[in-house]
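Contents: one structure, followed by commentary.
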């Protein structure tokens, strides 16, 4: 898996905007539903709703427009401001990666080898001769 940057913006008063909230906004855009968007992430509807409410209060206007449910169903969509926030966040993310590409490549070159899988760890433990006293 290639290296990626996950950007989190920490605004004043403890307000945060990161990959998860942006992914939720993108899922709402794609599905037209807060509930369906939350399900994509294994999230309860209440949690998804609380996050959308937090996002709507974080900016100068709402990012998500929700229509009440009922017989004909509800739905949700991103407002123009919501679309702008997603676009600006993704642009900042790309810029961070591009501006740090040389340093990221250098970090990749000095990484240790891949971490052993759980199976490889178990096999190494089973074959460890120093552990023979436990096998009597």
Tally, over segment 26-53, of residues that are surrounded by 14 or more Cβ atoms within 10 Å (Cβ to Cβ) and assigned to a helix (DSSP H, G or I): 18
Residue in segment 90-104 that is surrounded by 13 or more Cβ atoms within 10 Å (Cβ to Cβ) and closer than 21 Å to residue 32 by Cα present: yes
Residue within segment 10-24 that is in contact (Cβ under 8 Å) with a residue 60 or more places away in the chain, buried (at least 16 other Cβ atoms within 10 Å of the Cβ) and touching a helix residue (DSSP H, G or I) at 6+ places or on another chain (Cβ under 9 Å) present: yes
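Residue-by-condition table, conditions (1) in a loop (DSSP other than H, G, I, E, B); (2) within 22 Å of residue 31 (Cβ to Cβ); (3) out of contact with any strand residue (DSSP E or B) (no Cβ under 6 Å at 6 or more places or on another chain); (4) at pLDDT below 85:
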{"position": "55", "(1), (2), (3), (4)": "no, yes, yes, no"}
{"position": "81", "(1), (2), (3), (4)": "no, yes, yes, no"}
{"position": "84", "(1), (2), (3), (4)": "no, yes, yes, no"}
{"position": "87", "(1), (2), (3), (4)": "no, yes, yes, no"}
{"position": "107", "(1), (2), (3), (4)": "no, no, yes, no"}
{"position": "115", "(1), (2), (3), (4)": "yes, no, yes, yes"}
{"position": "123", "(1), (2), (3), (4)": "no, no, yes, yes"}
Selection status of residue 60, over 17 Å from residue 29 (Cβ atoms) and either at pLDDT 95 or above or in contact with a strand residue (DSSP E or B) (Cβ under 6 Å, 6 or more places away or on another chain) (or both): yes
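The values are calculated or read from the model by the stated rules, or taken from the named source; none is laboratory data. Being a predicted model, the structure only gives us computed values, none of them experimental. Glycine gets a Cβ as well: all are built from the backbone with ideal geometry, and neighbour counts include every protein chain shown.
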